[in-house]
Amino acid sequence: MTFRYKGGVISATAPTITPPTLGEGGSASGVWTLEQQFQNAGNWPQPILPKQLWIWGSNTYGQLGLGNTSYYSSPKQVGSLTDWSQISSGYYHTVATKIDGTLWAWGRSDVGQLGLGNRVNYSSPMQVGVLTNWLQVSAGYQSTLAIKTDGTLWAWGLNAQGRLGLGNITNYSSPKQVGALTTWYKIVTSVSSTFSIKTDGTLWGWGYNNYGQLGLGNTSNYSSPKQIGSLTNWLEIACGTYQAIAIKTDGTLWSWGRNDFGQLGLGNITNYSSPKQVGALTNWLQVSSGFYHASAIKKNGTIWSWGRNKYGELGLGDIIYRSSPTQIGSLTTWYKISGSSYYSMSIKTNGTLWGWGQNPSGNLGIGNSINQSNPVQIGALTTWASLSKIPSSLTTAALKTA
């Protein structure tokens, strides 16, 4: 069996804890529990299984990959292939990897964010080069960053404030390597800045820093990666417009940057330029951030949100802002979370897909453009496997088991 593991693709015998039957969760026998996932995060390989790509919402520049620029308020399959492995929707463009290690992009390309060596928009998936060693990709605001199986980091597109990490502010329409290191592990980019975790557990940031969102104790911009503190226990990272939220391996939750809507979850509206712990709990599992709100899942399967709530993006049944984490309902079956501009999407352990918040482009996938302040199920399918990281768009993408 083939597995993805840390910096590459390997062949391996399944660990003692049986890998998930669907690769990304579900309710079948042998699926990791949330507790097992928390304990083994970053340690066990994940099986690569066939997945379909489905997408919906805004499509001004063809970012849905459906060969047109029509909006869709219900999920539409991109082609008929079942070999997609990871997907990320940026600001009017989408990038994805396949299980063969190839990289694909489509949508807007006014500053070369598709990585195709030009500035031409495409409404269908286009392969980026011919390489087959792409592992992880993150699309942000007109820029894209990706990690290869050899642990190298690459960037292209808009480079304002040095968000590509290349030591300059020059835009690039083809992938450019960020330094020479081979220890990059996770990457996430948003509207203004970029963060990455290395294989040694250190956290790095670069780009725009006007609110201290890089966590470096200042408000200076940086065009090359800078280490945030000296700790080696960072596990997960998400970033919004001008803030970042992260989880350490001990299960603690941390945040920094802009906080005018309480989006840091610290019980106040004070900006911070260095990481601050959110509460004292040690059971946080996964985190996601939209423009001015954040959501997180605990290892007991509960889901929590905080920050701005103008469109019901907190999923709490109202439009009241919160400056501290507040539980959404009482269910303990939440599995994956992905926050976007003013809405959020989540998958439960039974493989169902849910969304809430702003819905002007049908981006919630519920067949209309009505905002929702409570989680609403998208269709009746129970085979949803993973969600796009959607930091800045009204386009939603998800992978479904074939």
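Please treat every number below as a calculation from the coordinates, not as lab data. Predicted model, so just to flag it, every value in this text is computed and none were measured. Please note: Cβ atoms are built from the backbone with ideal geometry, for glycine as well, and neighbour counts cover all protein chains shown.
Could you pull out the pairs from Lys248/Lys299; Lys198/Lys298; Lys76/Lys348; Lys76/Lys176; Lys226/Lys336; Lys76/Lys248 whose alpha carbons sit more than 25 Å apart here?
Lys76/Lys176; Lys226/Lys336; Lys76/Lys248
Using the average count of surrounding beta-carbon atoms within 10 Å as a protection proxy, the listed peptides 194-202, 141-149 rank, highest first, as 141-149, 194-202.
With an 8 Å cut-off on Cα pairs and a minimum separation of 6 or more residues, tell me the relative contact order of region 2-401 in percent. If you can, show how the numbers build up before the last one.
On the way: 1381 pairs, mean separation 57.2, N = 400.
Averaging sequence separation for qualifying contacts and normalising by length gives 14 percent for region 2-401.
Please report the base-10 log of the normalised intensity I(q)/I(0) for region 284-402, using a Debye sum with one equal scatterer per alpha carbon and no solvent, at each q in 0.12, 0.13, 0.22 (1/Å). After summing over all Cα pairs, the log10 values are -0.34, -0.41, -1.27.
For the pair Ser174 and Asp150, label points projected 7 Å from Cα toward Cβ lie 1.6 nm apart.
Across region 375-388, coupling constants 3J(HN,Hα) worked out from phi with the 6.51/-1.76/1.60 Karplus curve, θ = phi - 60°, read x, 10, 6, 9, x, 10, 5, 10, 10, 6, 10, 7, 10, 5 Hz, and Gly and Pro carry x.
D by Stokes-Einstein for the chain, Kirkwood Rh over Cα pairs, 20 °C, 1.002 mPa s: 105 µm²/s. Here the extension length gained between Thr282 and Ala402 equals 39.6 nm, from 0.36 nm per residue of separation less the Cα-Cα distance.
Working from label points 7 Å from Cα in the Cα-to-Cβ sense, the Asn300 to Gln227 distance is 3.6 nm.
Grab the Cα-Cα distance for Leu131 and Asp250, subtract it from 0.36 nm times how many residues apart they are, and report the gain in nm with one decimal.
39.2 nm
Inter-label distance, Asn374 to Asn210: 3.9 nm, where each label sits 7 Å from its Cα along the C-beta direction.
Helix-only arithmetic for the chain: the sum of -39500 (n - 2.57) across DSSP H runs with n ≥ 4, divided by the residue total, places the mean residue ellipticity at 222 nm at -500 deg cm²/dmol.
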